[in-house]
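Trainee: The structure's right below; bear with me while I get my questions together.
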Amino acid sequence: MEKTQAQSTHSSSRRQFLKTSGAAALTGAIASPLAFARKASAAPSSSNTLKVGLIGCGGRGTGAAAQALTTGKDVVLTALGDVFEDRVQRSRKSLSTNEKFGSRVKVSDDTCFVGLDAYQKVIDSDVDVVVLGTPPGFRPQHLKAAIEADKHVFCEKPMATDGPGVRSVLESAAKAKEKGLSLVAGFCWRYDYARRAFYEQIHNGAIGELRAVYATYLTGPVKPMLPPDKRPAGMSDVEWQLRNWYNFVWLSGDGLVEQACHSVDKIAWAFNGVLPVKAVGNGGRQFPNHEGNIFDHIDVFYEFPNGARAFMAQRQIVGCYGENSDYLMGADGIGTIKGWNDPVIKGKKKWRYRGPKASMYQIEHDELFDSIRKGKPMNDGVWMAHSTLMAIMGRMAAYTGQSVTWEQALNSKLKLVPDEVTWDMDFPIRPMARPGRTEFV
C-alpha cells in the first residue's frame, strides 16, 4: 500500500435524528420481562437497566447514542469520552436536553472523560454497552479493549484504515462470538427493510447470475482541510490532525474508505460474501488540500472468482454531478437502487419494494439491544471487516497504481496508525500518495 461540501444524505439524516428522535422504539426492542445475557461484566445491573457508554462525541457518535436511548426506557447513558472537552460537553448538552430521553442521560462530571485514554475510562466505568464513534483509525484498538472487557458493542463504520487494523478487528469479532457478546456494525444499509428485501431477491436469483455491479458515491467534500495559517501556535502535530481528522489517511482511510464504504459494502452484499480476487484503481487529487493527504476521487474495478466485475466510482468535488446509486446486472435482468428510492428489479421478473419502512439507523440499534435483552447475541464481525478491507483494497490499488489481490490487502504490513499516540509526539504528515511511485507494502 502507500508508503509515503456537501455531506452525504445519510450522514445528514443521522444528525437530524437528534431533532426527531421522538419516534417510538420498535415493539420487539422493548420486550418485558427482560431476558438479559449472562456474561461477566457484560451482564446488566440488577436494576434491569442497560448502561451505555459513548466513545467519540461528534455528530455521528451523538446520533448513535440517541438511537440507543430510543430503543427502550431500560437504557441509560452513563459515560461520555472524547479526545476533546468541547465535544464531550456539546454531546452531553444535546442528549440531556432531549425531551424524549433526556432524563435517562445519567452522565455526571465524573463520567465525562477527556483525552487519548478516554476510551478506556469509558469502558472501565461499569457500562454494559459501548458505542464506538471515533475516527476509524482508532476503531481496532477501541473494539479490542471493549471486547476484552466483555462489553456489547455498536461499532460505527468503517472498522479500520489499514490491513493490520482489519486483522485486529477479525480477531476481536471472533472473541466476541466466543464470549457471547453482541457486535453490530454501523453499515446501516444492511438494516434497511427495503434493501434487505432487494438483496434477498438478488440472492434468490431474481436477475439470474450476477455479472456486474456499478456503484456510485459522487458527492461534495465532507470536511475541507483548514489552511496551515489557521493552525494555532503551539498546537501539536497530533492535535492538528485530530482536529482535521477526515483529511488524513491514517485517521479516515480516505473518502473511499470512510464514506463510500457504504457503497462498497453493498457490492459485497450483492455478491453474498464471495470475496474479490483483486482490484485495480485510479485516483488522485484534483484540488489542493493544504496539508491533507487524501484523494478527492477514486475509481475501483473489482474482479470476482467467476469473472464477474464490480465498478466503484467515488468523487468528492464541489460543482460536479452527484449520485449515490447501485446498479446490478444479471443474466436475466437488472436491479437498481437510485439513491434513497425503493429498489426495483426489471427483466424476466419485475419487482419493486412495497413493504414497511422505518429508520435504518434506529433498526440497527433496536436489533442490537433486543439481542442483548433476549440473550441471543448477534455478530456482524466478519462481513463488516471484509467490507472495510474491500474499500481499503481499492484505496491501495488507487494509491499505488498496481493490481492488488485480496491476500495482499489482508496481509499488508503497512501500519498507518501508531501503537501508541501521544499529544506531544513528533508525527509529521505523510506525503500524499503518487500512483506509480508509491510502493505497496
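The values are calculated or read from the model by the stated rules, or taken from the named source; none is laboratory data. Fair warning: this is a prediction, and the values are worked out from it, not measured in the lab. Reconstructed Cβ throughout: ideal geometry from the backbone, glycine too, with neighbour counts over all protein chains shown.
Trainee: Residue pairs, Cβ under 6 Å, 6 or more apart or interchain, first in region 368-389 and surrounded by 21 or more Cβ atoms within 10 Å (Cβ to Cβ), second at pLDDT 95 or above and hydroxyl-bearing (Ser, Thr, Tyr). List them.
Mentor: Correct list of pairs: LEU368/SER182; PHE369/THR71; ILE372/SER182.
Trainee: Being charged (D, E, K, R) and either in contact with a strand residue (DSSP E or B) (Cβ under 9 Å, 6 or more places away or on another chain) or under 24 Å from TRP250 (Cβ atoms) (or both) is true for just one of LYS151, LYS100, LYS175, LYS179. Which residue is that?
Mentor: Numbers: LYS100 fails: either in contact with a strand residue (DSSP E or B) (Cβ under 9 Å, 6 or more places away or on another chain) or under 24 Å from TRP250 (Cβ atoms) (or both); LYS175 fails: either in contact with a strand residue (DSSP E or B) (Cβ under 9 Å, 6 or more places away or on another chain) or under 24 Å from TRP250 (Cβ atoms) (or both); LYS179 fails: either in contact with a strand residue (DSSP E or B) (Cβ under 9 Å, 6 or more places away or on another chain) or under 24 Å from TRP250 (Cβ atoms) (or both).
On inspection, the qualifying residue turns out to be LYS151.
Trainee: Would you confirm whether any residue within region 211-220 is buried (at least 24 other Cβ atoms within 10 Å of the Cβ) and touching a Leu at 6+ places or on another chain (Cβ under 6 Å)?
Mentor: yes
Trainee: Scan region 333-349 for residues that are over 22 Å from CYS261 (Cα atoms) and assigned to a loop (DSSP other than H, G, I, E, B) and jot them down.
Mentor: LYS348, LYS349
Trainee: For the condition over 21 Å from VAL76 (Cα atoms), in a loop (DSSP other than H, G, I, E, B), in contact with a helix residue (DSSP H, G or I) (Cβ under 9 Å, 6 or more places away or on another chain) and at pLDDT 95 or above, what is the one hit in LYS157, LYS144? Walk me through how you get there before you give the answer.
Mentor: Values: LYS144 fails: in a loop (DSSP other than H, G, I, E, B).
When all the criteria are applied, what remains is LYS157.
Trainee: For LYS415, are the conditions met, namely being surrounded by fewer than 16 Cβ atoms within 10 Å (Cβ to Cβ) and under 20 Å from the mean Cα position of the chain (by Cα)?
Mentor: Against the criterion (surrounded by fewer than 16 Cβ atoms within 10 Å (Cβ to Cβ) and under 20 Å from the mean Cα position of the chain (by Cα)), LYS415 qualifies.
Trainee: I'd like to check something: does region 350-365 contain any residue that is buried (at least 19 other Cβ atoms within 10 Å of the Cβ) and in a loop (DSSP other than H, G, I, E, B)?
Mentor: yes
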